[in-house]
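The values are calculated or read from the model by the stated rules, or taken from the named source; none is laboratory data. Values in this document were obtained by computation on a predicted structure and should not be read as measured data. Note that each Cβ is placed from the backbone with ideal geometry, even for glycine, and that neighbours are counted across all protein chains shown.
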Amino acid sequence: MGIDKRNLYRLPWSLNDNPIGWLEVTDTCNLHCRGCYRQRLEGHKSLEQLKEEVRFLKHWRNCDNISIAGGECLLHPEIVEIVAFISGLGIKPHILSNGLRLNRDLMRDLKRAHLVGIGFHVDSQQGRPGWRGKNELELCEVRQQLADTVASVGGIPCGFGITAYRDNLQYIPDLIRWTLKNRKIVHGATFITYRGALTTGEYSAGDQRVHMDQSTLGYATSDSPEDIGITSADVYELIKREFPQYEACAYLGGTQLHTSIKWLAAVLVCSRHHVVGHIGPKSAEFAQAMHHFLYGTYFVYRKDLQLGKKALLLSLFDPAMRPVLGWYLRNPLRLLLEPVHGVSIGIIQAPDLLEDGRVDHCDSCPDMTYFEGKLVHSCRLDEYRKFGGLLTIAPPKVAAGKNGD
């Protein structure tokens, strides 16, 4: 068992030809997630400033989608206007939210502004009011409420992001089962491995030493290296054991290690009641190449909840789709009566600190954002905001030597 890159399609994204532009509309939030990348320093950005950033992302990223994030983006008083502006530029607005502020009226307004999708972050380490101490299965009640709210206005896909910690890994298969059960209104689940800046390291901003704790960066942690060392392969193998139909189709590697798998994409193909199979790398390659050929951009989010029967034609060149077509053809009534749903299963391994002090980021990082006229990693934006650039860390062996002097 294990991930073999030779059997996957390497997504063709690059720094300035990337499907995603990451827009930080506020650093204000109504939750505090364990390992959060953002501290409150500035509050809400103005609408004019955000318009400037969107134009920058459109020009320099060639993005198909703008991920509207924060902080908690739904707290921004002009969130509907932000969505409408992005849509008016011909870009797909996609919201990333914890969902606390969402209600049917706001969801209806966002739909009218042409929102194309919403991803919710819900997990057991958020300190969510009324849900403290609850496990991931119990939190499926929250996920159901949010999914039903989105579905009540019709036509907008939603998905759920879950941070993978050591103490919730066991729930991942059941979270996928919940997602599959709700495939009519939920388009997928994404598992992001927990990472943090160890407080035991020696950090510097230029020539200045930086003391690392929670007041320095929100993702400072005293957890053990094992706790922040979960990999995409760990999550992949856990899913694979429970779901034999599951297989990844595409990936992004790391910037430092040739063995890194930073983004791992999979799409399960489902009928009304069954998981029939999965999309293969040839389908992923065809989808990216054709979208770029027809529209001039790569893509990451679909606008609908169903793949549709046309997806079965992918079996003409994708061996992974041939068993799917065979399942439908074994009973021709299935072609008439059974839908073809696509449920995405994503795995993201956040940046890793290596033994020599280098950081292994996501190659062709999809979540780069605007900062003072340049593109920077959104997961490390607070380092730019507080110190003007990325912090460096002494290699552990060097740090140990200094401590022993």
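Quick grid of which residues meet (1) in contact with a Lys or Arg (Cβ under 9 Å, 6 or more places away or on another chain); (2) farther than 17 Å from Arg358 by Cα:
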{"residue": "Gly206", "(1), (2)": "no, no"}
{"residue": "Ser232", "(1), (2)": "yes, yes"}
{"residue": "Leu238", "(1), (2)": "no, yes"}
{"residue": "Arg241", "(1), (2)": "no, yes"}
{"residue": "Tyr251", "(1), (2)": "yes, yes"}
Exercise. Scan the stretch 278-303 for residues that are surrounded by 13 or more Cβ atoms within 10 Å (Cβ to Cβ) and within 25 Å of Leu337 (Cβ to Cβ) and jot them down.
Key: His278, Ile279, Ser283, Arg302
Practice problem: Residue by residue through the stretch 213-222, note down the ones that are touching a strand residue (DSSP E or B) at 6+ places or on another chain (Cβ under 8 Å), within 14 Å of Gln39 (Cα to Cα) and surrounded by 15 or more Cβ atoms within 10 Å (Cβ to Cβ). | Solution: Thr216, Leu217, Tyr219, Ala220
Exercise. Tell me which of these Leu15 doesn't satisfy, since it passes every other one: (1) under 22 Å from Val116 (Cα atoms); (2) surrounded by fewer than 18 Cβ atoms within 10 Å (Cβ to Cβ).
Key: (1)
Quiz prompt | Those residues of the stretch 322-352 which are farther than 22 Å from Ile66 by Cα, of a type in the set (A, V, I, L, M) and in contact with a strand residue (DSSP E or B) (Cβ under 6 Å, 6 or more places away or on another chain), in sequence order | solution = Val324
Quiz item: What tally of residues in the stretch 347-387 results from selecting those that are under 30 Å from Gly277 (Cβ atoms), crowded, with 22+ Cβ neighbours inside 10 Å and not hydrophobic (A, V, I, L, M, F, W, C)?
Solution: 2
Practice problem: Kindly list the number of the only condition in (1) surrounded by 21 or more Cβ atoms within 10 Å (Cβ to Cβ); (2) more than 19 Å from the chain's Cα centre (by Cα); (3) among the polar types (S, T, N, Q) that fails for Gln145. | Solution: (1)
Practice problem: Exactly one condition in (1) within 28 Å of Leu8 (Cα to Cα); (2) among the small types (Gly, Ala, Ser); (3) at pLDDT below 95 is not met by Ser344; state its number. | Solution: (3)
Exercise. Just give me the residues in the stretch 17-41 being touching a helix residue (DSSP H, G or I) at 6+ places or on another chain (Cβ under 8 Å), of a type outside the set (A, V, I, L, M) and without any contact (Cβ under 8 Å) to a residue 60 or more places away in the chain, in sequence order.
Key: Thr26, Thr28
Quiz item: Pick from Leu312, Leu307, Leu316: which is under 21 Å from Tyr9 (Cα atoms), aliphatic (A, V, I, L, M) and touching a strand residue (DSSP E or B) at 6+ places or on another chain (Cβ under 6 Å)?
Solution: Leu307
Quiz item: Within the bounds of the stretch 125-140, is there any residue that is within 24 Å of Gln306 (Cβ to Cβ), touching a strand residue (DSSP E or B) at 6+ places or on another chain (Cβ under 6 Å) and buried (at least 16 other Cβ atoms within 10 Å of the Cβ)?
Solution: no
